[in-house]
Amino acid sequence: MDQNGGRAVSGTAPPEDSGREHGDGDEPFRSGFVAIIGRPNVGKSTLINRMLGQKVSIVSDKPNTTRTPIRGVLQRRDAQLVLVDTPGLHKPRTLLGERLNAAATSASEGVDVVCLVIDARAGLGRGDRRLLAELPADGVVVLNKVDGIDPAKVLTQLGAVAATFGSTGGERGDAHEYFALSASTGQGVGELVEHLVGRMPPGPAFFPVDQVTDTPEAFWVAELVREQLLARTYEELPHSIATRVTEWEWPRIRCEILVERESQKGIVIGKGGENLKAAGTAVRGQLAPGAFIELHVRVSKDWQRRARALDDLGL
Ligand code: GDP
């Protein structure tokens, strides 16, 4: 069985210089951790996938898609960058929301660099300002989604960010760096990677050189299923779906889909089962050949609000 079959599936290309080799050994090997934080939907997962040149985090246009910190490992000859994706910080309305915030906060503790992503299209919101105020003085600010945006508007946005950051703590504004980029097109991403590599302390690699993520395979497949379900129109459901793999007997994988109420079951399944079927096919296409996915929908009443249910899901 090809354990890694599911990983080499991205539609993205690596940033041009992500694999560049440096010098001839004069420079020390560098390694460290980078937390990618930001409000929901600003493009954190897209940015990490782009930096890695592989898909390790699911992407969706629905907020709060990322539920657990996912580590991606950017491997270079001269450095290893461990990227920690975090659930978007937001005002919690449920127990799940509170736990997502706690996970995001703890993920950014003890890292070498905290990188705050802001959406250039949405503009600087109250949530962004709060995160800017809490960003360490040497934090990196990324203005994402600058593709197709008037450069003058990008400059205005950067000015607003700098004014906010600089005004929240006197000298704090001096040490940070700004990057305007597009995670979608890759424009400007190489510069960010170079900067982050330079910021890592000299030290040995944390992960084997062929490892791209520490996400267990079963968790990854469950995430792919969730991504497909989110993509299939559940305006009213995005937060109500949880997925987990309950059996893994290669090539047979059984994945359970939890919804909160009986009425949501039919929406997930679709007319004549068409939604489930399409989701299963799309996921299978991203796994090693031969994979067979069984999808089961189950009601777990109000799972988002019950500690036991969240514990069971590892959230
Ligand atoms: P996250 O919640 O912060 O992880 O955000 P995602 O990575 O899931 O992205 C949220 C949405 O923004 C998705 O629809 C992405 O396709 C879109 N997006 C991300 N980066 C860019 C970008 O650079 N340009 C544009 N135009 N869209 C982007």
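So the values come out like this:
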quantity: FRET efficiency estimate (nearest 0.05) - Cβ-Cβ, residue 231 to residue 298, R0 35 angstrom; calculated: 0.95
quantity: Long-range HN-HN contacts of residue 43 with modeled amide H, under 5 Å; calculated: none
quantity: Dipole magnitude (debye, nearest 20) for the stretch 189-315, charges at Cβ of Lys, Arg, Asp, Glu; calculated: 500
quantity: Per-peptide average of other Cβ atoms within 10 Å, ordering 177-186, 201-210 highest first; calculated: 177-186, 201-210
quantity: Whole-number Å³ per residue for the convex hull built on Cα positions in the stretch 173-315; calculated: 203
quantity: Under the Karplus curve 6.51 cos²θ - 1.76 cosθ + 1.60, θ = phi - 60°, whole-Hz ³J(HN,Hα) for the stretch 248-256, x wherever Gly or Pro sits; calculated: 9, 10, 3, x, 8, 10, 9, 10, 9
quantity: Separation of alpha-carbon centers, the stretch 267-309 and the stretch 123-160, rounded to whole Å; calculated: 36
quantity: Cβ crowding within 10 Å averaged over residues, with 282-291, 29-38 ranked highest first; calculated: 29-38, 282-291
quantity: Residue 180 long-range amide H proximity, modeled H, under 5 Å; calculated: 143
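Throughout, read-outs are computed from the coordinates displayed, never taken from laboratory work. Everything quoted here is computed from the prediction, not taken from an experiment. Neighbour counts run over all protein chains shown; Cβ positions are idealised from the backbone, glycine included.
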